[in-house]
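So that we are looking at the same thing, I have put the structure below in structure tokens.
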Amino acid sequence: MKTVLTKDLLQSRRKEVMGYLRFLDKALETNAALQAPGSAPMPLELDLTHTLKANAYLLLYNTVEAVMSQLMAEIHDEVKSSDVCLDDLNPNLYLEVIRSLKRGAEDIGETFTHPSGRPFVDYWLRDYEKRVQDNRNPHFSGNIDGKRIKTIGRIYGFASGDDATDAKLTHAALQKAKNHRNTLAHGEKSFKDLGMWMSFQQVRDDAIATLRTLSNVRVAVESYLVTHGYRRSNPQVLPTLDVTDSPSVQTDGIVSTA
């Protein structure tokens, strides 16, 4: 298995999320209270339960970014261990490597030798790794949702480019997790004010949809790596170069299966 680390991480995060949901369900029961041995019960006030509901979305967003970061690392590790050169890459990934030359932090003159096919790829891999280490992930940093996952998939090649086929790689719950996370992180609302409008069923449904979608993405990446989807299927066809910062792939809004 190519994505074994992501599979283990996802299982661990699923256990964490589901454990939190079980606690939240109990906390929302009438007259729910916490009690330590030898002490009086402490009632869980209504405002606190609102905070707990809002906090679930921080847990979900954390899971999304952690799983996607690990998947990207496994893709890059696979490319790094291969003998793939620039012209061997699939068209969109080929363009992504070229773009890295424009925005990269390393001195190209001290990096490249002739022939430069593999050094191009090595430069891209090193530049990505450096940005991740500096907490400047070029694909996401506090703003990943289903739409962004689909865009990344089309750049790398683990998404097909067909909205119907790629629907399983995205869900409205991921956008909700991102939006709630940003609302809380930027202080736009308090945890209590955000959570008071949520029902437990909404939180549970969003959690299950998020975990299911991440599982679908992992399976897609697993197939992509096993079949060497990062490689060009027809080496004779080269894309028209567009080294703008914006990817040339087409994206649409998030597909909700809720």
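Just give me the residues in region 205-220 being more than 15 Å from residue 5 (Cβ to Cβ) and among the charged types (D, E, K, R), in sequence order.
Quick first cut of region 205-220, residues more than 15 Å from residue 5 (Cβ to Cβ) only: 205-213, 216, 220.
The answer is 205, 206, 212.
Let me ask another. Looking at region 143-167, which of the residues that are without any contact (Cβ under 8 Å) to a residue 60 or more places away in the chain and within 28 Å of residue 202 (Cα to Cα) is surrounded by the most Cβ atoms within 10 Å (Cβ to Cβ)? Don't jump to the end; show me each part of the working.
Just the residues of region 143-167 that are without any contact (Cβ under 8 Å) to a residue 60 or more places away in the chain, to begin with: 143, 148, 160, 162, 164-165.
Within this subset, residues satisfying the condition of being within 28 Å of residue 202 (Cα to Cα) are 143, 148, 164-165.
On the way: 143: 14, 148: 20, 164: 8, 165: 11.
The residue in question is 148.
Can you tell me which residue within region 1-33, out of those that are over 35 Å from the mean Cα position of the chain (by Cα) and surrounded by 10 or more Cβ atoms within 10 Å (Cβ to Cβ), is nearest to residue 208 (Cα to Cα)? If you could, list the steps in order and put the result at the bottom.
Of region 1-33, the ones over 35 Å from the mean Cα position of the chain (by Cα) are 30-33.
Adding the requirement that they be surrounded by 10 or more Cβ atoms within 10 Å (Cβ to Cβ) leaves 32-33.
Values: 32: 24, 33: 26 Å.
Step by step, filter region 1-33, then rank; the result is 32.
Scan region 91-109 and report the pairs whose first residue is of a type in the set (D, E, K, R) and whose second residue is at pLDDT 80 or above and part of a loop (DSSP other than H, G, I, E, B), with Cβ atoms within less than 8 Å and a gap of 6+ or a chain change.
Matching pairs, first to second residue: 103/138.
While we're here: Here are 182, 137: which of them is closer than 17 Å to residue 66 by Cα, within 15 Å of the chain's Cα centre (by Cα) and surrounded by fewer than 19 Cβ atoms within 10 Å (Cβ to Cβ)?
Details: 182 fails: within 15 Å of the chain's Cα centre (by Cα).
Exactly one residue qualifies, and that residue is 137.
Of the residues that sit in region 222-247 and are small (Gly, Ala, Ser) and in a loop (DSSP other than H, G, I, E, B), which one is modelled with the highest pLDDT?
229
May I ask you to say which residue of 123, 230 is over 30 Å from residue 26 (Cβ atoms) and touching a residue at least 60 places away in the same chain (Cβ under 8 Å)?
Details: 123 fails: touching a residue at least 60 places away in the same chain (Cβ under 8 Å).
Result of the check over 123, 230: 230.
For (1) of a type in the set (Val, Ile, Thr); (2) under 21 Å from residue 16 (Cα atoms); (3) in contact (Cβ under 8 Å) with a residue 12 or more places away in the chain, each residue gets a yes or a no:
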{"residue": "177", "(1), (2), (3)": "no, yes, yes"}
{"residue": "183", "(1), (2), (3)": "yes, no, no"}
{"residue": "194", "(1), (2), (3)": "no, no, yes"}
{"residue": "207", "(1), (2), (3)": "no, yes, yes"}
{"residue": "214", "(1), (2), (3)": "no, yes, yes"}
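Only one of these is farther than 30 Å from residue 91 by Cα, touching a helix residue (DSSP H, G or I) at 6+ places or on another chain (Cβ under 8 Å) and surrounded by fewer than 16 Cβ atoms within 10 Å (Cβ to Cβ): 176, 189. Name it. Don't jump to the end; show me each part of the working.
Values: 176 fails: surrounded by fewer than 16 Cβ atoms within 10 Å (Cβ to Cβ).
The match here is 189.
Does residue 51 satisfy the criteria of being within 17 Å of residue 195 (Cβ to Cβ), of a type in the set (Ser, Thr, Tyr) and at pLDDT 95 or above?
Details: within 17 Å of residue 195 (Cβ to Cβ): yes; of a type in the set (Ser, Thr, Tyr): yes; at pLDDT 95 or above: yes.
Spelling it out, residue 51 is indeed within 17 Å of residue 195 (Cβ to Cβ), of a type in the set (Ser, Thr, Tyr) and at pLDDT 95 or above.
So, one more: Tell me which residues, restricted to region 34-52, are surrounded by fewer than 16 Cβ atoms within 10 Å (Cβ to Cβ) and among the polar types (S, T, N, Q).
35, 39
The values are calculated or read from the model by the stated rules, or taken from the named source; none is laboratory data. All values derive from a computational prediction rather than experimental measurement. We place every Cβ from the backbone using ideal geometry, glycine too, and count neighbours over all the protein chains shown.
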